[in-house]
Amino acid sequence: MIKLITAIFLALGIITSESFAGVRSIVSDSSSSDVAVSGNSNGNDYTYEEPSYDLDPAVQCQNSGFARRGCPTGYRPIGECPYDSSYYAGCCLAKYQYLAEDCIAAHMKPSADNCMGYYACEQIETPQ
């Protein structure tokens with residue numbers, strides 16, 4: 001029954017085969033601002049505009065939670081921003097400068113306390 005009604009509408013021109021099939025053009029003329037590909041209706045002179053991906057490293061660091069500030073005396077910056085080395089995550093006491101695995105590799109033990117994952121290496125006490 002649906003096929004018969006569809007055939008009648010197609011014959012009368014009420015429904016075109018394009019609209020019935022849901023066919024839509026993905027390319028428009030250059031007056032459309034919401035497509036990256038544009039061209040004329042003849043099918044030639046198509047252009048593609050590459051979007052700009054220029055990002056300010058300072059803005060990327062700030063948006064990621066890094067800051068550019070000086071550390072007080074006796075402290076050092078920790079957690080350098082990968083986009084701009086003048087930004088960092090925070091300040092730690094200067095003694096906290098090693099990762100735990102660095103202490104272990106040097107035959108020392110990491111301190112019980114740490115600052116943002118950085119430790120002070122301590123001598124391993126040997127029983128006498």
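Find how many whole Å separate the alpha carbon centroid of the stretch 105-123 from the alpha carbon centroid of the stretch 47-83.
Taking the Cα centre of the stretch 105-123 as reference, the centre of the stretch 47-83 is 28 Å away.
What percent of all Cα-Cα pairs in the stretch 54-128 falls into each 10 Å bin, going from 0 up to the bin containing the maximum distance?
20, 36, 27, 12, 4, 1, 0
Taking neighbour Cβ counts within 10 Å as the exposure measure, how do Y83, Y119 sort from fewest upward?
So the ranking, lowest neighbour count to highest, is Y83, Y119.
Given the Cα-Cα distance of M108 and L93 and 0.36 nm per residue of separation, how much length would full extension add, in nm?
The span from M108 to L93 would gain 3.5 nm if fully extended.
Once phi is turned into θ = phi - 60°, what whole-Hz ³J(HN,Hα) does the Karplus curve with 6.51, -1.76 and 1.60 give for every residue of the stretch 122-128, x standing for Gly and Pro?
10, 5, 7, 7, 9, x, 9
Once amide H atoms are placed 1.01 Å from N in the peptide plane, what residues at a sequence separation of 5 or more from N114, or on another chain, have their amide H within under 5 Å of its amide H?
none
Any chance you could run the full-extension gain for M116 through R76? It's 0.36 nm times the residue separation minus the Cα-Cα distance, nm to one decimal.
Values: separation 40, 0.36 × 40 = 14.40 nm, distance 1.20 nm.
Gain on stretching M116 to R76: 13.2 nm.
Sorting R76, R68 on the 10 Å Cβ count, fewest up front, what's the list?
R68, R76
Would you pull out the residues with amide H under 5 Å of G90's amide H, same chain only if 5 or more places away, H placed 1.01 Å from N?
Answer set, sorted by chain and number: I78.
Tell me, T47, T126 in order of fewest to most beta-carbon neighbours within 10 Å?
Least crowded to most crowded, the residues run T126, T47.
Every number in this text was worked out from the coordinates using simple rules, so none of it is lab data. Note that the coordinates shown come from a computational prediction; the quantities given were computed from them, not determined experimentally. All Cβ positions, even for glycine, are placed from backbone atoms using ideal geometry, and neighbour counts span all protein chains on display.
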